[in-house]
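See structure below.
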Amino acid sequence: MTLDAATPARPHDTADSRPMARIAVDVGGTTVKGAAFTHDGSVIAHCTMATFAAHRDALGSVRAVVARLVSEVGATGARATGIGVASPGLVDAARGRVVYAANLGWADVDLVPALVDDFGLPVRIEHDARAGAIAERAAHRNEAAAYREFIFVPIGTGVAAAVVTSGALVHGATGGAGEFGHMPIGPGRELCGCGQRGCIEAYASASSVLRRYRARGGVGATTTPELVASLAHDADAASVWADLIEALAIGLGSLSAVLDPARIVIGGGLSQAGASLIDPLRAAIDAKLGWRATPTVVQSALGSHSGLIGAGLLSDDRPVTSRFAVTAASALSSLRAVAPVEPVVLRPIDSHHQ
Ligand SMILES: [Zn+2]
């Protein structure tokens with residue numbers, strides 16, 4: 001499927017004259033975030049719940065968030081016309097199934113059929129990084145050429161990548177494309193949460209950089225914003241940050257050599273580090289590519305909202321048009337207005353929702 005040819009899901013009742021709203025859900029290892037967007041991107045309802053609030057059942061939390069949003073949409077006089085879900089893990093978008101998501105405890109969860117049964121609405125699912133890429137591209141419709149060949153790398157508690165080549169999202173044979181965080185960057189390195197050694201994610205996620213900082217004896221910073229703020233005067237912070245940059249640059253240099261992207265967009269909570277992340281990363285990728293063209297490396301404009309906005313675009317029932325740029329931009333400003341700025345998640349991996 002190209003991003004330009006997303007199959008529209010039709011509203012189930014075209015005779016209904018109530019305003020239409022799209023339900024979007026971004027499932028994370030810590031929280032399930034949901035919003036209801038009108039067709040111009042305004043948020044008319046929003047809801048965030050701890051992922052394991054419902055008796056340690058992530059699917060129960062997704063159902064609860066959707067139910068609340070559908071109810072709140074109805075209370076505004078609008079009607080929900082579709083549901084889009086962004087999920088981590090191995091996502092089979094065509095079958096509507098999450099094949100495996102370690103952080104959610106999911107194996108072969110038929111999420112789309114379950115939500116269709118519950119709510120009677122069209123439901124679409126996509127890997128959260130790929131949903132984010134859809135949102136990034138929608139937000140940059142006036143730069144279509146750059147977003148025909150690009151890599152979106154959300155960095156939060158994990159590290160993933162969505163690859164768009166010739167305008168199409170790469171899903172892979174099993175839906176497993178984009179496990180960028182688990183590319184090994186060398187032998188004999190640190191243990192990753194996946195059981196493999198030397199994964200990029202063991203060095204470059206918001207969780208792992210803080211875990212490594214503590215392991216070195218670092219005590220001054222308890223959040224990644226604090227760690228970034230202390231780079232100039234805290235040798236432990238500077239050391240783990242340099243390792244993070246190097247791990248990302250090795251991986252992104254390799255991807256660039258293979259795919260020749262026009263642009264690399266760094267997103268997720270850690271992208272809020274801004275120039276402290278983007279500038280050294282750009283230089284490190286450039287150094288690794290030698291004579292080859294270095295892609296433009298930019299910070300996401302959508303930050304940690306990209307997955308949720310992308311989920312909203314998944315459930316869109318209109319053909320993709322240039323209005324999507326307006327929709328993505330207004331969705332962002334609307335989310336910023338209703339949702340507090342979220343702190344980057346800082347817990348080490350080994351205490352992650354245990
Ligand atoms: Zn790994």
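Some observations on this one:
- Shape call, the range 18-174: gyration tensor on alpha carbons, a/c limit 1.5: oblate
- Within the shell of other residues whose beta carbon sits under 12 angstrom from the beta carbon of Gly77, the net charge comes to 0, with Lys and Arg scored +1 and Asp and Glu -1.
- On Cα atoms only, tilt of 58-75 relative to the major axis of the chain in degrees: 50
- Computed [θ] at 222 nm, deg cm²/dmol, the chain (DSSP H ≥ 4; -39,500 (n - 2.57); rounded to nearest 500): -11000 deg cm²/dmol
- For the range 145-299, the orientation-averaged shadow of the C-alpha convex hull comes to 9.2 nm² (one quarter of the hull surface).
- Sequence-distant residues sharing a close amide H with Thr48 (under 5 Å, placed H): Gly34
- A compact globular protein would have a Cα radius of gyration near 2.2 N^0.38 Å; the ratio found for the range 20-78 is 1.10.
- Charge tally for Ile185 (other residues, Cβ to Cβ under 12 Å; Lys, Arg +1; Asp, Glu -1): -1.
- Probe 1.4 Å, protein heavy atoms only - accessible area per residue of the range 137-242 in square angstrom: 40
- Shape descriptor for the range 211-331: Rg over Rh equals 1.06 (Cα atoms; Rh from the Kirkwood inverse mean 1/r).
- Close amide H partners of Arg124, meaning residues 5 or more places away or on another chain with modelled amide H under 5 Å apart, are Ile83, Gly84, Val85.
- Share antiparallel - DSSP beta bridges, the range 145-299, percent rounded to 5: 45
- For Ile155, nonlocal amide neighbours, meaning residues 5 or more places apart or on other chains whose placed amide H falls under 5 Å from its own, are Gly267, Gly268, Gly269, Leu270, Ser271.
- Of the three principal axes defined by the Cα atoms of the chain, the extents in descending order read 63, 45, 37 Å.
The values are calculated or read from the model by the stated rules, or taken from the named source; none is laboratory data. Everything numeric here is computed off the predicted structure, so don't read it as measured data. Cβ: placed from backbone, ideal geometry, glycine included. Neighbour counts: every protein chain shown. Only protein heavy atoms, including side chains, enter the accessible area calculation; ligands, DNA and RNA are left aside. Shrake-Rupley method; radii C 1.70, N 1.55, O 1.52, S 1.80 Å.
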